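The values are calculated or read from the model by the stated rules, or taken from the named source; none is laboratory data. If you're wondering where the values come from, they're calculated on a predicted model, not measured in any experiment. Here the Cβ positions follow ideal geometry from the backbone for every residue, glycine too, while neighbour counts run over all protein chains shown. Heads up: the accessible areas ignore ligands, DNA and RNA and are worked out on the full protein's heavy atoms, side chains in. Shrake-Rupley method; radii C 1.70, N 1.55, O 1.52, S 1.80 Å.
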Amino acid sequence: MFSRHVTKEISAYCHGELSSEESKQFAEHIISCVKCRTKFEEIKLGIKLAEQLPQLSAPDHLWSELEPLLANPQITQIRSTNGGWSWQLKVATAAVLLLVSSLGAWWFYSRSRKELTTKPYWQVTTLDGRPMIGKEGIANNGKLAVGEWLETDGKSKAQIAVGSIGNVDIDENTRVRLLETQPTEHRLELARGKMSARIWAPPRLFFVDTPSAVAADLGCAYTLEVDDQGASKLRVTSGWVALELKDRESIVPAEASCDTQPGIGPGTPYFEDSSAKFRESLKKVDFDPDAATRSAALTLMLEDARTKDTLTLWHLLTRVDDNDRARVYDKMAALYPPPAGVTREGVLQLNEQMLASWRDELKNTWMGINTKVPKKIAEAYWRVKYGLSRRLKEMAPK
Ligand SMILES: [Zn+2]
């Protein structure tokens, strides 16, 4: 995996200037690195704040004060005769820095503004039937503005172009609303029905609100379904998706799913090819109100858990009670021993660093990479697999 920190790439990232491969590596790093993720959230917040600033021109007197300073020949001297920085040079440097940073902020702001005024809506294409935007049926193409609902009946389907970052297919009997589209955040609400998203933007720019959780894109393709009770099901086909509600988060890799319940939030992610007994028991562990039923179901799950099912077990560590946590730990340790520095005692006390370092060790297993092959080959394999599967999906007839 991408092991160095990615804080230097955050800005390029926010502007979608990284290649899709770089974005993917960025996404993977950010999932596991709290440091870079925190920095990314901070910068994103800064950009959002900057977008709300009124646009002002620099006052004329600022220019008339700056010009003589910039013309001053002393600027070209690195040091004055006494060996220290001359005061003129200090002032001039400060002024230039101020100017550069103001220009930078203005450029960033006007660029965001431009994106905003040139793309205040999403383009909708009819795939089948006659989808509705608000109360108007659309024949071929339509525009979905912020706040508007797009609805399909039993005979219609549509595709939404999400700015330049991806697209979303809307199935029959589905209701979605565009909540926000900004350079730093695109947000859709899925009230009911089914949608499939393919997003090639930096992670955490595209969100889908459902009645029971928020899906945060981490660079991926996935389908999301919401039933009439507000429960939802997420299925990831490539990359990663985070499902969130308050402080509960599930990280879901390709070929895994996650169910959510209104009032409870995201359940635990699981691989689609895990045993039926494993999946049925997990439903109880996640959503049954009775503690004894949950604990009995956990026993059945542990019987059937395979190495890659540590995806589920790792998430359960923070969700079950103390006694059950010890059982989950022992099963995990038998399937995939924790790396150096991760102790049973620490995990049982939910030491965040230990949990993160074990997860990082397990990630290759979850992504279907054989960890016995050298890391470089594994990474190359992953790149090819990811690129190919995406290429194929793009080429596939709709
Ligand atoms: Zn990092």
query = Hey, among 144, 178, which residue is farther than 21 Å from residue 220 by Cα and among the hydrophobic types (A, V, I, L, M, F, W, C)?
reply = 144
Scope segment 4-58; condition farther than 20 Å from residue 199 by Cβ, at pLDDT below 75 and in contact with a helix residue (DSSP H, G or I) (Cβ under 8 Å, 6 or more places away or on another chain); matching residues = 50, 51, 53, 55, 58
request  = Tell me which residues, restricted to segment 204-223, are part of a strand (DSSP E or B) and either over 15 Å from the mean Cα position of the chain (by Cα) or hydroxyl-bearing (Ser, Thr, Tyr) (or both).
outcome  = 222, 223
message = Condition first: open to solvent by 60 Å² or more (accessible area, probe 1.4 Å), touching a residue at least 24 places away in the same chain (Cβ under 8 Å), of a type in the set (Ser, Thr, Tyr) and within 18 Å of residue 198 (Cα to Cα). Can you find one or more residues in segment 224-243 that meet it?
response = yes
request  = Within segment 164-184, count every residue that is in contact with a Phe, Trp or Tyr (Cβ under 7 Å, 6 or more places away or on another chain) and modelled with pLDDT under 90.
outcome  = 3
ask   = If you take the residues in segment 316-330 that are open to solvent by 60 Å² or more (accessible area, probe 1.4 Å) and not in a loop (DSSP other than H, G, I, E, B), which one is nearest to residue 247 (Cα to Cα)?
value = 322
task = Answer with yes or no whether residue 248 is under 22 Å from residue 30 (Cα atoms) and surrounded by 16 or more Cβ atoms within 10 Å (Cβ to Cβ).
result = yes
inquiry  = Any residue in segment 287-300 that is without any contact (Cβ under 8 Å) to a residue 24 or more places away in the chain sitting within a Cβ distance under 9 Å of a residue that is of a type in the set (Asp, Glu)? List the pairs, counting only those 6 or more apart or interchain.
reply    = 297/280; 297/288; 300/280
